[in-house]
Amino acid sequence: MTLTTDNLFYSKRLKMTPPREGDVQTMLLWNEDPEYLRNVDTDIAIPYSEKQLEDEGETKNKEVYFRLRTHEEDTLIGFVVIHSIEWNNRCGQLAIGIGLAEHRNKGYGTEALHLILRYAFREMNLDRVGLDVISYNAKGIRAYEKAGFQLEGRARSAVYRDGRRYDRLMMGILKPEWEALNPIQMEEEQ
């Protein structure tokens, strides 16, 4: 298979796919990692049950959900979703997670961000994608900034972990900002 920039679901090393049979067993392992649970949500870290994971990932009217897999091994490494979509305002919220520690710090998160933003702006025709992140997640914040997200606000002392308070940061990127960061892709489309 030849990979091109025209394929909305593929990047150099990753692909976005729908959920598959057997994914839940891998995702149950992610739930054993408190770092994953604490970075993916601001709620208390409680592992999902098998049934909860089976129900996760259904694309709905206000949500587009993908599982992230590597090309070569077809290994499930994470998920990415645009949720809380307001079609009339052309806005949505992004959530991303790289499941196992062995797949983190390899650039997969940054690559997945570029992939989902390309999909959000080119296919979904959104004009804005936002997210929120806990202030202690420095690696996530760096990845979001590299992808073009800008800090838009802060909910001070909104998350309580291990006896300390942390801010919740709101970040966002607009379609023209994304296009300015990806001029080659924009030229190829014209």
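The values are calculated or read from the model by the stated rules, or taken from the named source; none is laboratory data. Small disclaimer: the values here were computed from a predicted structure and weren't measured. We place every Cβ from the backbone using ideal geometry, glycine too, and count neighbours over all the protein chains shown. For accessibility, only protein heavy atoms count, side chains too; no ligands or nucleic acids. Shrake-Rupley method; radii C 1.70, N 1.55, O 1.52, S 1.80 Å.
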Carbon/sulfur fraction of accessible area - the chain, other protein chains in place, 1.4 Å, %: 48
Within a Gaussian network of the chain (alpha carbon springs, distance under 10 Å), most fluctuating of Asp132, Asp162, Asp74: Asp162
Cβ charges +1 (Lys, Arg) and -1 (Asp, Glu), total dipole of the stretch 16-70, debye: 240
Value of D in µm² per second that Stokes-Einstein yields for the stretch 21-168, Kirkwood Rh from Cα pairs, at 37 °C (0.692 mPa s): 202
Kirkwood Rh in Å, taken over all unlike Cα pairs in the stretch 56-102: 11.7
Reachable aspartates and glutamates, given that their alpha-carbon falls under 19 Å from the alpha-carbon of Lys175 and they are not under 8 places away in the same chain: Asp6, Glu63, Glu86, Glu111, Glu123, Asp127, Asp132, Glu145, Glu152, Glu187, Glu188, Glu189
Value at 222 nm in deg cm²/dmol, rounded to 500, when DSSP H runs of n ≥ 4 in the chain each add -39,500 (n - 2.57): -7500 deg cm²/dmol
Assigned charges on the beta-carbon of Lys, Arg, Asp, Glu; the chain dipole about Cα centre (debye): 660
Protein-only accessible surface order, largest first, of Ile82, Ile96, Ile44 at 1.4 Å: Ile44, Ile96, Ile82
Probe 1.4 Å, protein heavy atoms only - accessible area per residue of the chain in square angstrom: 56
In Å², nearest 10: area of His114 left accessible to a 1.4 Å probe: 70
Solvent exposure, largest accessible area first (probe 1.4 Å, DNA, RNA and ligands not counted), of Ile173, Ile141: Ile141, Ile173
Accessible heavy-atom area order of Arg118, Arg13, highest first, probe of 1.4 Å: Arg13, Arg118
